[in-house]
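Q: What follows is a structure written as structure tokens; I'll ask about it next.
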Amino acid sequence: MTPKTSRRVAQAIITFLFIYLATPIVVTIIYSFSTTWVKSIVPSGLTLKWYGQLVTNPEFTTALVRSLGLGLLTTVIAMICFLPVVFYANVYSPSVKSHLRFITVLPFTIPGIILVTGLIQLYANLPIPKILILVLAISLLSLPMTYQALDNAFIGRDFRAMFEQALVLGDKPFTAFVKIIIPNIRAGILVAMLLTFTSAFGEYVLTNLLLGGNFETLKIYMFRLMQSNGQASSVLTTIYFLFLALISLILIIIMQRYSAPHKSPKEVPDH
Amino acid sequence: MPEAFLQIEDLGINLSGNSIINQMNFTIKKNTLTTFLGPSGSGKTTVLRAIAGLNTQVAGAIRLDGEEIHALPANQRNIGMVFQSYALFPNMTIFDNVAYGLRVQKKPAAEIEQAVMEMLETVSLAKKKDAYPDQLSGGQKQRVAIARAMVLQPKLLLLDEPLSALDAKIRVKLREQIRKYQQKLGITMLFVTHDQAEAMAISDDIIVMNDGQVQQQGSPMDIYANPANLFMAQFIGNHNLLTGAELRQLGFQSARGTAVDDTAHYIIRPELFCPTASTTEKSCPITGKITSRAVLGDRIQYRFKSVAGLKLKVELLNQEEPLPMDRDVTLYVQERTIQKVGATNA
């Protein structure tokens, strides 16, 4: 095979894969705008009716608010818990990091069903609201992403010297942390927050198993809708897809802005 | 002038179970620049961090200007510190970096503006006040770090290898500037370095450390000429270190008027060899061959092997014909310049 033909083959495979992956999304999006689409190649007409119906449906708004709440609460808890730990490990005790790395991959190894069974057995008889258990469990599950994003932010600068310098200049540890550390790792914090938020926002397994019908989030509502109303569920899928695409876009922009190769200024004599 | 401005008494420091510093004692005087000199890993930075309050888990006493500061946290000690990595705050301008400590003290804005600009003038960086640290060169960054520490008028300024990340030319220039600031502003400085030339060039006083112990404290001249022990003799300069027996082999029967002790160590400094005998002082001739020679510019460095096989380092000013390498040469050393290691007479 000549290089030219092998490139053609590669292009063909990639094109096929792209079509294979994109078609369902495109069709779902078109379906969400169509009046009817039965027994024909193209829909018979386009409409925004389904969007209007969904948005005005109180079930949808309640589910949306719940998902947003779950996402925000989880993000806040994850940041409050993990940011100080990652800071401490990086600045004062780098040897702890190997243990931390092990802990942070644990969520990958525990299937949701086992985690839920364990959580219910452990907390069933305690007067702790299940929603709190859920939020804490999701925060923990987001640990691999949160940890990695935060940990990366500490690469490349001597944060320990910066923090200690602020103390020597008379500042208190907490204000030094807020004024010196946070502004210099804000890209990492932002990325970690967005990742945690999207994973909590779209969480299905734990929420469904732990709270199920009592607490219908957007994802659970989406699955229920799928079985009853095809058009409405495609509307919801479209909205959800666009939302995720937007967050991914923001993530890409943040990462490009802050991880661009650092231009070191030329050493210029100043006298 | 009070004799001991900073007083370290029986300082003991353990880091993760290892005793790094044990029973250390020294004092430094007010308005002087004292260097803390020692090989890497000798515990210099550890002591500095204890003085700064970045490590408060220490035994013994640390007194500054008569006040016991050993238990105070870092932000209450009124001590400045300049880090090796500059530790500038990248999210702030040069002005804001220098103003940081004054703002923590909640000084009025006009006063801060004036003090910061004055300090930036002193370090010749007033034009860069709106730049960010990443836009400066290494030497400029370190000057900002020094200005940021000096603007608070600390009782004591600690500098932890502040020049080691810079290239040689800037290093020499900046060390002269640091000395100038120190004398102009009358700040007491404790300067950590592993570079002996740097320590010699700028210090009033040098404290040499090894293995968590003070080996010797004295003026640069004193440290160089009168090493207190074998470590000092090996550490300072490129002295020729000889045993008494070897010295006798070269033909010396006495050093500075006392008989050579076979069990003691002696040093002959390379620059004290002469190509001719002194007419006024008692000199001893040493004959041998030059095995190699290196022209350093102002000086020529020779490797010399005596007839008895002793290898010696010799340095002569580059002012006459270099010594020949193909035949025996005789060099002279004045008996009074030979220093016994550990002897206190100057």
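Q: Of the numbered conditions (1) at pLDDT 90 or above; (2) more than 9 Å from chain A (Cβ to nearest Cβ); (3) loosely packed, with under 15 Cβ neighbours inside 10 Å, B:ASP96 satisfies every one except a single condition; which is it?
A: If we test B:ASP96 against (1) at pLDDT 90 or above; (2) more than 9 Å from chain A (Cβ to nearest Cβ); (3) loosely packed, with under 15 Cβ neighbours inside 10 Å, just (3) comes out false.
Q: Please give the number of the condition A:LEU169 fails out of (1) surrounded by fewer than 17 Cβ atoms within 10 Å (Cβ to Cβ); (2) more than 16 Å from A:PRO84 (Cα to Cα); (3) more than 29 Å from the chain's Cα centre (by Cα).
A: (1)
Q: Specify which of the listed residues (A:LEU225, A:LEU167) is closer than 27 Å to A:ALA137 by Cβ and either outside any loop (DSSP other than H, G, I, E, B) or more than 12 Å from every other protein chain (Cβ to nearest Cβ) (or both). So that I can check it myself, show each step before the final result.
A: Values: A:LEU167 fails: closer than 27 Å to A:ALA137 by Cβ.
Within the list A:LEU225, A:LEU167, the selection yields A:LEU225.
Q: Sort through A:ILE181, A:ILE185, A:ILE189 and tell me the only one that's under 30 Å from A:ALA63 (Cβ atoms), in the same structural domain as A:PHE102 (by TED's automatic domain parsing), crowded, with 17+ Cβ neighbours inside 10 Å and at pLDDT 90 or above.
A: A:ILE189
Q: OK, next. Do we have B:ALA126 as surrounded by 14 or more Cβ atoms within 10 Å (Cβ to Cβ), without any contact (Cβ under 8 Å) to a residue 24 or more places away in the chain and facing chain A (nearest Cβ under 7 Å) here?
A: Criteria not met by B:ALA126.
Q: Assess whether A:LEU150 counts as being free of Cβ contacts under 8 Å to residues at least 60 places away in the same chain and either more than 14 Å from chain B (Cβ to nearest Cβ) or assigned to a helix (DSSP H, G or I) (or both).
A: Working: free of Cβ contacts under 8 Å to residues at least 60 places away in the same chain: no; either more than 14 Å from chain B (Cβ to nearest Cβ) or assigned to a helix (DSSP H, G or I) (or both): yes.
So A:LEU150 does not fit the description; no.
Q: Give region B:23-43 a look and list any residue that's under 22 Å from A:LEU167 (Cβ atoms) and either without any contact (Cβ under 8 Å) to a residue 12 or more places away in the chain or in a loop (DSSP other than H, G, I, E, B) (or both), or say none.
A: Within region B:23-43, B:GLY43 is the sole residue that qualifies.
Q: One residue is enough: does region B:57-65 have a residue meeting the conditions within 21 Å of the chain's Cα centre (by Cα) and not hydroxyl-bearing (Ser, Thr, Tyr)?
A: The answer is no, given that none of the residues of region B:57-65 is within 21 Å of the chain's Cα centre (by Cα) and not hydroxyl-bearing (Ser, Thr, Tyr).
Q: From the list B:GLN142, B:GLN84, B:GLN114, B:GLN135, pick out the single residue that is more than 12 Å from every other protein chain (Cβ to nearest Cβ) and in contact with a Pro (Cβ under 8 Å, 6 or more places away or on another chain).
A: B:GLN142
Q: Restricting attention to region B:181-229, which residues are assigned to a helix (DSSP H, G or I), in contact with a Leu (Cβ under 8 Å, 6 or more places away or on another chain) and closer than 17 Å to B:PRO39 by Cα?
A: B:GLN196, B:GLU198, B:ALA199
Q: For region B:256-342, give me every one of the strands (runs of 3 or more DSSP E) that falls completely inside it and has 1 or more residues that are in contact with an Asp or Glu (Cβ under 7 Å, 6 or more places away or on another chain). I'd like the intermediate steps shown before the answer.
A: Details: elements: B:265-268, B:283-295, B:299-306, B:311-317, B:329-334.
So the answer is B:283-295, B:299-306, B:311-317, B:329-334.
Q: Another question about this same structure. Is it true that some residue in region B:44-67 is assigned to a strand (DSSP E or B) and within 23 Å of B:ILE178 (Cα to Cα)? Show your work before the answer.
A: First, pick out the residues of region B:44-67 that are assigned to a strand (DSSP E or B): B:58-64, B:67.
From what's left, within 23 Å of B:ILE178 (Cα to Cα): B:64.
Looking for residues that are assigned to a strand (DSSP E or B) and within 23 Å of B:ILE178 (Cα to Cα), one finds at least one in region B:44-67, hence yes.
Q: Separate question: Look through region B:55-71, keep the residues that are at pLDDT below 90 and within 14 Å of chain A (Cβ to nearest Cβ), and return whichever of them is surrounded by the most Cβ atoms within 10 Å (Cβ to Cβ).
A: Ranking the qualifying residues of region B:55-71, first place goes to B:ASN55.
Q: Continuing with this model, one more query. If you go through region B:167-218, how many residues are touching a strand residue (DSSP E or B) at 6+ places or on another chain (Cβ under 6 Å), over 30 Å from B:ASN18 (Cβ atoms) and polar (S, T, N, Q)?
A: Selection size over region B:167-218: 2.
Q: Among the residues of region B:220-228, is there at least one that is crowded, with 18+ Cβ neighbours inside 10 Å, in contact with a strand residue (DSSP E or B) (Cβ under 8 Å, 6 or more places away or on another chain) and either closer than 14 Å to B:ILE338 by Cβ or among the aromatic types (Phe, Trp, Tyr) (or both)?
A: Yes, because at least one residue in region B:220-228 is crowded, with 18+ Cβ neighbours inside 10 Å, in contact with a strand residue (DSSP E or B) (Cβ under 8 Å, 6 or more places away or on another chain) and either closer than 14 Å to B:ILE338 by Cβ or among the aromatic types (Phe, Trp, Tyr) (or both).
Q: Failed condition for A:LEU83, given (1) surrounded by 11 or more Cβ atoms within 10 Å (Cβ to Cβ); (2) within 23 Å of the chain's Cα centre (by Cα); (3) not assigned by TED's automatic domain parsing to the domain that holds A:PRO144, with all others met?
A: Failed condition: (3).
Q: Can you give me the number of residues within region B:129-158 that are more than 30 Å from B:ILE69 (Cα to Cα) and touching a residue at least 60 places away in the same chain (Cβ under 8 Å)?
A: Total satisfying the criteria: 0.
The values are calculated or read from the model by the stated rules, or taken from the named source; none is laboratory data. The structure presented is a predicted model; accordingly, all values stated were derived computationally and were not measured. Neighbour counts are summed over all protein chains in view; Cβ atoms, including those assigned to glycine, are modelled from backbone coordinates with ideal geometry.
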